[in-house]
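Trainee: This is the structure I have questions about; it appears just below.
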Amino acid sequence: MPSTPPAPAAPLDCVVVGASFAGLACATVLARAGLRVRVVERKADPGDGLHTTGIIVKDAVEQVALLDALPPQLTRRVPGVRLYAPNMRHVDLDAPGYYFLTTDTPGVIRWLAEQARTAGAEVVCQTPFTGAQRVQSGFELAGIGQTRFLVGADGPNSNVARALGLGQNRRFLFGMEYEVAGATIDAPDRLHCLLDRRLAPGYIGWMVPGVDVLQVGLARRMRPDQQAIRPVMDAFLQKLAPVCDLRPLIDDASNPPGIRAGLIPCGGVVRPVATERALLVGDAAGMVSPVTAGGIHTALKHGLAAGHAIADFLTGKREDPSRWFVDSYPKFRSKRLLRWLFDHFQSDTAFNLLLATAPMRAAASRVYFHRKGVFNPPARGTKPT
């Protein structure tokens, strides 16, 4: 990626801060509309330092045309879920025709950046957002130049939100994940998810068969401290050992695993999420499911829609989208209620007793597949791999 070019004499039509799923989707639409758009990213490579597990649900593949040309070597199709209770008994859940795509997430982000550049957008790395001053027809951005519209797609601790006095995420999970090469796992066609209030209060642990790696991690309510979560990860790996002992591979100094760690917003869409000639998208907007912590689908969907809304405004077809478009953002009312219930009533004893029951499997299927799934009988997860 090129370094920062000289600021143009004429204002840019839009600056997108953050080469994220939402930001790159938005920029691609704007560029295809013939507008002058620049994506600024503080990192040297958009694919570096990612915090997401990178799972794309079937709904996103079917609803987001931008993904039609996604290279197949960047994805792996996983059709089912294996859900473990705290006592390690498990059930297998399926929904006919449903699937998840695990991804080479850095590769996907780099591919999205190339789509934006091919459409005509500038993607400029090593360019942090340091502030915005409002001018008559937009903003003056330090070191970047003037823009008629500003989009904050810069993650859960958005600097754009802070600079413009917009809402900021206040409730988070903190997660950590290892990317382990050379690992094998029983039932590699499933997302393996573990409920355990002691290890992952407020969320789950997981083993995900990714692209050329096994992704193993957990997220929980705790302070954002990578050193503090490591002992928890050690206990999690020990608990997984009868099913899949990854400790020798993770401790192999000659081939250390990749590590991802970061904050996951779980409090719903922030308020306010927009102001005149500016709006937030993706994690910056809190557009992450409070229950599943999934955000790629909504990031792409609403990033693309934001691009169309901004293009209509900048070409004189509609009024400023900060006044109407943000009404389309998800409210997550039922999911915020489920988040509250899970935070306050999560019980290992209840999950151990209820895992195999019809109400539990129906609830789990709706969480994972958004509809009733097919249930396979429970089993003791003790087979070594």
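The values are calculated or read from the model by the stated rules, or taken from the named source; none is laboratory data. Here the structure is a predicted model, which means the values were calculated and not measured. Every residue, glycine among them, receives a Cβ derived from its backbone with ideal geometry; neighbour counts consider all protein chains shown. Areas reflect the complete protein model, heavy atoms only, side chains present, ligands, DNA and RNA absent. Shrake-Rupley method; radii C 1.70, N 1.55, O 1.52, S 1.80 Å.
Trainee: Which of the residues belonging to segment 2-53 are of a type in the set (Asp, Glu) and modelled with pLDDT under 95?
Mentor: 48 - this is the single residue of segment 2-53 that is of a type in the set (Asp, Glu) and modelled with pLDDT under 95.
Trainee: Could you tell me which of the residues 64, 108 is touching a Lys or Arg at 6+ places or on another chain (Cβ under 8 Å) and among the β-branched types (Val, Ile, Thr)?
Mentor: 64
Trainee: Give the residues of segment 85-111 that are over 16 Å from residue 192 (Cα atoms), charged (D, E, K, R) and more than 15 Å from the chain's Cα centre (by Cα), sorted by residue number.
Mentor: Correct list: 110 only.
Trainee: Hey, another quick one. Say we look at segment 330-369 and pick out the residues that are closer than 14 Å to residue 268 by Cβ and in contact with a helix residue (DSSP H, G or I) (Cβ under 9 Å, 6 or more places away or on another chain); which of these is most open to solvent (accessible area, probe 1.4 Å)?
Mentor: Applying the filter and picking the extreme gives 338.
Trainee: Also, I was wondering about something else. For segment 242-291, how many residues are acidic (Asp, Glu), more than 13 Å from the chain's Cα centre (by Cα) and modelled with pLDDT of 95 or more?
Mentor: 2
Trainee: For segment 300-317, enumerate the residues that are within 15 Å of the chain's Cα centre (by Cα) and open to solvent by 10 Å² or more (accessible area, probe 1.4 Å).
Mentor: 301, 302
Trainee: A further question on this structure: Please go through segment 27-60 and give me each residue that is more than 28 Å from residue 208 (Cα to Cα) and open to solvent by less than 40 Å² (accessible area, probe 1.4 Å), ordered by number.
Mentor: Correct list: 27, 28, 29, 30, 31, 35, 37, 38, 39, 40, 41.
Trainee: In segment 93-106, is there at least one residue being free of Cβ contacts under 8 Å to residues at least 40 places away in the same chain and farther than 24 Å from residue 29 by Cβ?
Mentor: Within segment 93-106 (the criterion being free of Cβ contacts under 8 Å to residues at least 40 places away in the same chain and farther than 24 Å from residue 29 by Cβ), the answer is yes, since at least one residue qualifies.
Trainee: Sort out for me the helices (runs of 4 or more DSSP H) sitting completely within segment 212-327 that have 1 or more residues that are touching a Lys or Arg at 6+ places or on another chain (Cβ under 7 Å) and of a type outside the set (A, V, I, L, M).
Mentor: Ranges flagged: 296-314.
Trainee: Follow-up. Any residue that is of a type in the set (Lys, Arg) and touching a helix residue (DSSP H, G or I) at 6+ places or on another chain (Cβ under 7 Å) - is there at least one of those in segment 95-111?
Mentor: no
Trainee: Restricting to segment 126-151, what's the tally of residues that are under 24 Å from residue 262 (Cβ atoms) and either modelled with pLDDT under 95 or of a type in the set (S, T, N, Q) (or both)?
Mentor: 3
Trainee: Take segment 203-260 and flag every residue that is polar (S, T, N, Q), surrounded by fewer than 18 Cβ atoms within 10 Å (Cβ to Cβ), in contact (Cβ under 8 Å) with a residue 60 or more places away in the chain and closer than 18 Å to residue 192 by Cβ.
Mentor: The answer is none; no residue qualifies.
Trainee: How many residues does segment 93-137 contain that are assigned to a loop (DSSP other than H, G, I, E, B) and either of a type in the set (Phe, Trp, Tyr) or on the phi > 0 side of the Ramachandran plot (or both)?
Mentor: Residues flagged as assigned to a loop (DSSP other than H, G, I, E, B) and either of a type in the set (Phe, Trp, Tyr) or on the phi > 0 side of the Ramachandran plot (or both) within segment 93-137 amount to 7.
Listed here are the residues, each with its yes/no results for (1) under 16 Å from residue 190 (Cβ atoms); (2) surrounded by fewer than 20 Cβ atoms within 10 Å (Cβ to Cβ).
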residue	(1), (2)
65	no, yes
68	no, yes
72	no, yes
80	yes, no
84	yes, no
88	yes, yes
91	yes, no
98	yes, no
108	no, no
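Trainee: Let me ask something else. Within segment 171-192, count every residue that is of a type outside the set (Gly, Ala, Ser) and within 17 Å of the chain's Cα centre (by Cα).
Mentor: 9
Trainee: Quick one: residue 154 ticks every box in (1) modelled with pLDDT under 95; (2) among the charged types (D, E, K, R); (3) surrounded by 21 or more Cβ atoms within 10 Å (Cβ to Cβ) except a single one, so which number is it?
Mentor: So the condition that residue 154 fails would be (1).
Trainee: Same structure again: Taking interchain pairs and intrachain pairs at least six residues apart, which have beta carbon atoms under 7 angstrom, with the first residue in segment 291-311 and without any contact (Cβ under 8 Å) to a residue 40 or more places away in the chain and under 30 Å from residue 220 (Cβ atoms) and the second part of a helix (DSSP H, G or I) and open to solvent by 20 Å² or more (accessible area, probe 1.4 Å)?
Mentor: Between residues of segment 291-311 that are without any contact (Cβ under 8 Å) to a residue 40 or more places away in the chain and under 30 Å from residue 220 (Cβ atoms) and residues that are part of a helix (DSSP H, G or I) and open to solvent by 20 Å² or more (accessible area, probe 1.4 Å), there is no close pair.
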